[in-house]
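One structure is given here, and the rest of the page talks about it.
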Amino acid sequence: MNVSIGWISALLGRAVDPDDAAARLTMLGAPVESVERIHHDLEGVVIALVESVERHPDADRLTVCRVHDGTVTRDVVCGATNVVAGRKYPYAPVDTVLPGGFKLEARKIRGVLSNGMLCSPRELGLGEDHEGIMELETDAAPGTPFLEALPVADVRLEVEVTANRPDLLCHKGVARELAAVYAVPVKLPPIPNAPDDIAAPRRVTKKGTVGGIEVVIDDVDGCPRYMAAVVRGVRIGPSPDWLQARLRSVGARPINNVVDATNYVLHELNQPMHAFDLKLLGGAKIVVRRAVAGERVVTLDGEARDLTADMTMICDAKQVTAIAGVMGGAESEVTERTTDVLLECAYFDPKRIRTTRQALKMSTEASYRFERGIDIEGMPDALRRAIALIRAVAGGQEPEPALDVYPKPRKQKSVFVRPSRVAHLLGVPLSRDEIEASLVRLGFPVAPKDDRLHVQIPGWRPDVTREVDLIEEVARLRGYDSFPSESRPLRPSVVPTDPNVARQARLERAFTGLGLYQARSLSLTGSGGSDAFRVQNPLSAEDAYLRRDLLSGLTRSVERNWAVRERDVRLFEIGTVFRDTGGPLPEETTRVAAVVTGARVPAHWTGSGKAPDFDRWDIKALFETAVRSICPEGTIESTADGWKFTETDGTVRGWAGALEADRPAWAAVLFGFELETGDAAPPATTFVPLPTTPPVERDLALVLPPGVTAAAVEGVIRDAAGALLAELAVFDEYRGSEMAGRSVAWRLVFRAPDRTLRDTEADTALAKVLASLKERLGVERREA
Amino acid sequence: MTTPPHAQEELDLIAQTVDRVSTADAAVLAELRTEVLGRKAGKLTLILRSLGSLPPEQRRLLGARANQIKQALETAIAERERVLQDDTRRTVDVDGTMPARHAWRGARHPVLAVVDEICEIFKELGFTRVSGPEAETEDYNFTKLNMPLDHPAADEHDTFYLGPGALLRTHTSPVQARVMEQYQPPIRIVVPGRVYRRDAFDPSHSPVFEQIEGLAVDEGISFVDFKAGIDYFVKRFFSPDTVVRFRPSFFPFTEPSAEVDVQCQMCKGSGCATCKQTGYLEIMGAGMVHPAVFENCGIDPERYTGYAFGMGPDRITMLRHGIPDIRLLFENDMRFLSQFVS
Ligand SMILES: [Zn+2]
């Protein structure tokens, strides 16, 4: 919303400081995003009288004007054809800097010295026209600064208006806010040459006529109130300078006097209006009705629009002329030839407008305002203001007072406020008088009622519907910063902390400690298999599905790292994956995944300068770390392509191994794992007493025939060695062509918890182990 | 010549010389060795020689002690000699400026670290951390939060739909409703999590980002408590001298609503490009819980009041570290992530 400080000053009857106003509005809830000084760059331009216009001696298309700037008369060479001797024009003398930074110099044009320039509207930044010099209707004496004669210099605030405050979409509304803080009244500025005899509209309940036009509301839900006025005998033409300047000050383009008048009222009072050319109306009738499915209308923008039965239309006797509250039809637009206009001033149901503009995929200045709710009570005043303005700038007469079709007048809305509740919610004692005074200043009429306040809600505040809304008004005007910030005793939350938090923190600690970086990938992806959940309205095909797993995203991240020549990549991610289980919502599961590739440790100069790369045993370790951290119950099994984790109930919850990737030749193998985090609690740690007796160690190199696994061998060793075996670990594997299978070496540590173990006892246990291994697995000791 | 009755005291004295070994240089060490262990006149050597003349019981006791001291002294001297030798080698051969041998270092994702930090601060104010589903219903995402879809306020939430009435949550606020339906106050929760908006990826927008929602509901919680809670957080998270500003705003689920700004850290309030010349940076939307939300969730709005807030850790992380492009927070570039090793 563009706000003109000049306009606001006129409404408040005092000069308003732009920066102060911006700060106040920001702290009232309408943040000002920019403060822009406009047209101040015309300071050097003056009003000049052209005394004579002669043809340039050497150029057919140029003239030489004698220009009097109040003190001296100079020659100015001019290319425009509209300059007339004896009239006044904007004149930029030598050394003036024009908008755009162009500095004027005295220079010879085809042999004639030109001292400065007579300016077109475009050169002054005041319009599109650059063919002719800007014509002025002014009494100002030559030499008067242009900005004094034509006060277009202004300051424009760009104000962010929240969706609940339609009243701030116009100058009167913004002025009301400032009036509350400055404690001054708001008064509409007088319109030059306006008649003061505009009669109040005539209220009817269903239909009526105005200027011979019958007005009927068929769709009362869509259009609770419709007012119409007829003005005959207008002369369409450009608006006077002051009106054009007002519109330009808010960034609107002047069109013609009648349209400009309605736009002025829009920006002043937030009442969108539409002017129809009465002669182009098909038949003397306006009907507000629902569209019939299949109907079409060509809107002002030239587009053909298909209508549906839940849209409200403005129709004449023959056809649809406008989509109510959204856009007018092309047929009955006001043109240069228009002499009689029908002025529409209506209230359309916000929800109806919203669904209509959503269905038609078009948002207009009018729809934006109707959708947020305009001031239904302020309509008669807005219409009278528009009629007065049209008559002032375009002439014409009303054959009869305007018509006000208002089938079910709304009851005055009111809300009770309990001063005790205000103090309770805001946490500071506020007197009833203070509350009352605040509300009155903001435009809410207040009357005491018992121990409460009975507050009337003006039509421009559709957002205020209950007590708490008024409490906010009190707080807002008082200023949020005026409330203390004071910690008071508090009771602890009854809501338990999500156990996932601790589970995820354990994983995060483990993996960052192991040198991995926490990754964060998008949860939207291009595909994900048959049970991936589809998004109905994706931005593109690349993000049409919810991710089914984490490893795909991490693999893509690794490929991106490879693309920037990063060979060593170590990432882990904890996040939600989604699965389509046929229900309306996807099933969500939390998972942890990691990928590693490249050097296992940073290269160091004490080594060869190149560290070994990650291999399968590293990813197995990371996988085991994750499993141990989140769900210690279950087993990791070796599979054809890696490992899988199976919970005690038999469900497979995770996988680890080498990954397929788009790998450059210089990159190392990529390994990864992915695991559901589940909901198991970690087991409590129980202390095991430290051993007090010495151990006996035995190394055992075994030949494992093909097909015998280390796990199977360990199972047999533990079984046969009995309780004396304290530790068991593989320390070597050897494969040689001279043997079938391979040799694996274990170190066994024996210990008796209560006495010093004798060597012979360990040897006996070892013999039992060997016997058992031979019998059950065909595994024998490797010959030295 | 030591006589047996004095042998005990002599041994005690010799035992003390062991302590001198650890600081002795090579010369002192040689001296000590001769003085105590010398073959001919070493004090300990002499005592050991004299033992033969003692009665068996006394000989056994003193002999054990003398041997013990001898062993300790020999070990200490050998150790000291090794250290002295090492020292010599070190000063001659080792360049201490050569790089150390490190292990890989990992790091949390900067945004998720900020999420934890924020939650930890609110934990100090009694807030527990909870979570909720990312796929939600319109009912929880909008309706229960007093945010009807036919109101223009809904336009600010450009939504990914999963089906009729089903969507990807546009904020973590639905968890407010879920928690209030399940528990009666006192409720104090923070809810971090992923949220989704139908915005194309650009330097300041991502269709997926993190949000932290907070909710405090109890009897007697007022606007003053609200300001105190937020103020506490801001000063703990930024710095104790951070200037905080509360500004009226509009959110359907709070009333009164506030936008919370902190004074721009870059320019200290004088205006710069980061704060778009305003001197302040918006860090959260907040306010007192709207009574309609309480009503929708089965909590008596006359008895209970409360405050709620929501903030974007992505933006806060970008501000804190001077990260110019939100996409960096999703690319998992090692060159980026490795900058956040702490
Ligand atoms: Zn700044």
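The values are calculated or read from the model by the stated rules, or taken from the named source; none is laboratory data. What you see is a predicted model, and the numbers here were worked out from it, not measured in a lab. Because the Cβ atoms are built from the backbone with ideal geometry, glycine has one as well, and the counts that use them run over all protein chains shown. With ligands, DNA and RNA removed, areas are computed over all heavy atoms of the protein, side chains included. Shrake-Rupley method; radii C 1.70, N 1.55, O 1.52, S 1.80 Å.
Every helix of 4 or more DSSP H residues in the protein assembly as shown counts as -39500 (n - 2.57), and over all residues that averages to -9000 deg cm²/dmol at 222 nm. What shape does the stretch B:110-340 take by its C-alpha gyration tensor, where a ≥ b ≥ c are the square roots of the eigenvalues and a/c under 1.5 counts as rounded, a/b above b/c as prolate, and the rest as oblate? Note, shape of the stretch B:110-340 comes out oblate.
In Å², and per residue, what accessible area does the protein assembly as shown have when probed at 1.4 Å with the other protein chains present?
Values: 51260 Å² over 1126 residues.
With all protein chains present, the protein assembly as shown gives 46 Å² per residue.
Partner shielding of A:725-732 amounts to 0, given as the average count of beta-carbon atoms from other chains within 10 Å of each residue beta-carbon.
Keeping every protein chain in place, order A:HIS68, B:HIS109, B:HIS102 by accessible area at 1.4 Å, biggest value first, i.e. largest first. Spell out each step's value before the answer.
Values: A:HIS68 40, B:HIS109 0, B:HIS102 115 Å².
Ranking A:HIS68, B:HIS109, B:HIS102 by accessible area, largest first, yields B:HIS102, A:HIS68, B:HIS109.
Evaluate the charge dipole of the protein assembly as shown about its Cα centre and quote only its size in Debye, nearest 20, assuming +1 on the Cβ of each Lys and Arg and -1 on the Cβ of each Asp and Glu. Intermediate results must be reported in sequence, preceding the final value.
Numbers: 136 positive and 160 negative charges, 280 e Å.
With Lys and Arg at +1 and Asp and Glu at -1, about 1340 debye.
Most simply put, the protein assembly as shown has about 95% antiparallel DSSP beta bridges, counting only bridges with both residues inside it.
Placing unit charges on the Cβ atoms only, positive for Lys and Arg and negative for Asp and Glu, gives the stretch A:414-482 a dipole magnitude near 100 debye about its Cα centre. Of interest is the spacing of the C-alpha centroids, which for the stretch B:269-342 and the stretch A:1-50 amounts to 33 Å. Partner shielding of B:255-264 amounts to 4, given as the average count of beta-carbon atoms from other chains within 10 Å of each residue beta-carbon. The apolar share of the surface of the stretch A:499-676, taken as the fraction of accessible area on carbon and sulfur atoms (1.4 Å probe, ligands and nucleic acids excluded), comes to 49 percent.
Among the residues of the stretch B:300-342, which ones have their accessible area go down by 30 Å² or more when all the protein chains sit together, as opposed to their chain alone (1.4 Å probe)? Residues of the stretch B:300-342 that lose at least 30 Å² of accessible area once the other chains are added: B:GLU302, B:THR305, B:PHE330, B:GLU331, B:ASN332, B:MET334, B:ARG335, B:LEU337.
Cysteines of chain B lacking any other cysteine Cβ under 4.7 Å from their own Cβ: B:CYS119, B:CYS297.
When the chymotrypsin sites (Phe, Trp or Tyr not before Pro) in the stretch A:506-560 are filtered for DSSP coil states and for at most 14 other beta-carbon atoms within 10 Å of their beta-carbon, no site remains.
Packing here is the average count of other Cβ atoms within 10 Å per residue, and on that basis the peptides A:183-196, A:695-708, highest first, run A:695-708, A:183-196. In plain terms, the chain from B:ALA41 to B:HIS102 could stretch by 16.7 nm, reckoned as 0.36 nm per residue minus the Cα-Cα distance.
Only the Cβ atoms of Lys and Arg (+1) and of Asp and Glu (-1) were treated as charged; on that basis the dipole of the stretch B:161-212 about its Cα centre amounts to roughly 120 debye. Taking the accessible area of the stretch A:414-482, probe 1.4 Å, and keeping the other protein chains in place, the carbon and sulfur fraction comes to 51%. What shape does the stretch A:414-482 take by its C-alpha gyration tensor, where a ≥ b ≥ c are the square roots of the eigenvalues and a/c under 1.5 counts as rounded, a/b above b/c as prolate, and the rest as oblate? Verdict is oblate for the stretch A:414-482. Taking amide H atoms as placed 1.01 Å from N in the peptide plane, the amide H of A:SER414 lies under 5 Å from those of A:ILE457, each 5 or more residues away in sequence or on another chain.
Shown in residue order for the stretch B:325-342 are the 3J(HN,Hα) couplings computed by the Karplus curve 6.51 cos²θ - 1.76 cosθ + 1.60 at θ = phi - 60°: 9, 5, 5, 4, 7, 10, 8, 6, 7, 4, 5, 7, 4, 6, 6, 10, 5, 10 Hz (x for Gly and Pro).
As an exercise, identify the GluC sites (Glu not before Pro) in the stretch A:265-336 lying in DSSP coil whose Cβ has no more than 10 other Cβ atoms within 10 Å.
Numbers: sites: A:GLU268, A:GLU295, A:GLU303, A:GLU331, A:GLU333, A:GLU336; in loops: A:GLU295, A:GLU303, A:GLU331, A:GLU333, A:GLU336.
Answer in residue order: A:GLU336.
Taking a sphere under 10 Å around the Cβ of A:ALA252 and counting the other residues whose Cβ falls inside, with K and R at +1 and D and E at -1, yields a net charge of +1. Each pair of Cα atoms in the protein assembly as shown enters the Kirkwood radius, and Stokes-Einstein at 25 °C and 0.890 mPa s then converts it into a translational diffusion coefficient of 65 µm²/s.
Which of the peptides A:427-435, A:278-286, A:444-452 is most tightly packed, and how do the rest follow, going by the mean number of other Cβ atoms within 10 Å of each residue? Could the numbers behind the result be given before it?
Details: A:427-435: 15.7, A:278-286: 17.2, A:444-452: 13.4.
Ranked from most to least packed, the peptides come out as A:278-286, A:427-435, A:444-452.
3J(HN,Hα) along the stretch A:61-72, derived from phi through the Karplus expression 6.51 cos²θ - 1.76 cosθ + 1.60 where θ = phi - 60°, amounts to 8, 10, 10, 10, 9, 8, 10, 9, 9, x, 10, 10 Hz, with x in place of Gly and Pro.
Please identify every one of the trypsin sites (Lys or Arg not before Pro) in the stretch A:608-672 that sits in a loop by DSSP and has no more than 13 other beta carbons within 10 Å of its own beta carbon. Present the calculation step by step, with values, prior to reporting the outcome.
Numbers: sites: A:LYS610, A:ARG616, A:LYS620, A:ARG628, A:LYS644, A:ARG653; in loops: A:LYS610.
The qualifying sites are A:LYS610.
Among A:PRO602, A:LEU12, B:THR242, whose Cα lies farthest out toward the positive end of the dipole of the protein assembly as shown, if unit charges sit on the beta carbon of Lys, Arg (+1) and Asp, Glu (-1)? Ranked along the dipole, the leading option is A:PRO602. For the stretch A:330-351 and the stretch A:426-459, compute the distance between their C-alpha centroids and round to whole Å. The two parts, judged by their Cα centres, are 40 Å apart. Taking the charge dipole of chain B about its Cα centre, with +1 at Lys and Arg Cβ atoms and -1 at Asp and Glu Cβ atoms, the residue from B:LEU337, B:GLY306, B:ALA30 reaching farthest to the positive side is B:ALA30.
Enter the angle in degrees (range 0 to 90, nearest 10) between the Cα long axis of helix B:4-21 and the first principal axis of the Cα atoms of chain B, meaning the one along which they spread out most. It works out to around 40 degrees.
Report, to the nearest whole %, how much of the accessible area of chain B belongs to carbon and sulfur atoms, 1.4 Å probe, protein only.
Working: 7920 of 15380 Å².
That fraction is 52 percent.
Buried surface between chains A and B: roughly 8100 Å² of accessible area, summed over both sides, computed with a 1.4 Å probe on protein heavy atoms only.
Between the listed residues B:ALA228, B:GLY271, A:VAL326, the Cα displaced farthest toward the positive end of the dipole of the protein assembly as shown, a dipole computed from Cβ unit charges relative to the Cα centre, is found at B:ALA228. Counted by Cβ distance under 11 Å from A:ASN561, the other residues give a net charge of +1, where Lys and Arg count +1 and Asp and Glu count -1.
What separates the Cα centres of the stretch A:626-659 and the stretch A:240-267 is a distance of 73 Å.
Counting Cβ atoms of other protein chains within 10 Å of each Cβ in A:528-537 and taking the mean gives 3.
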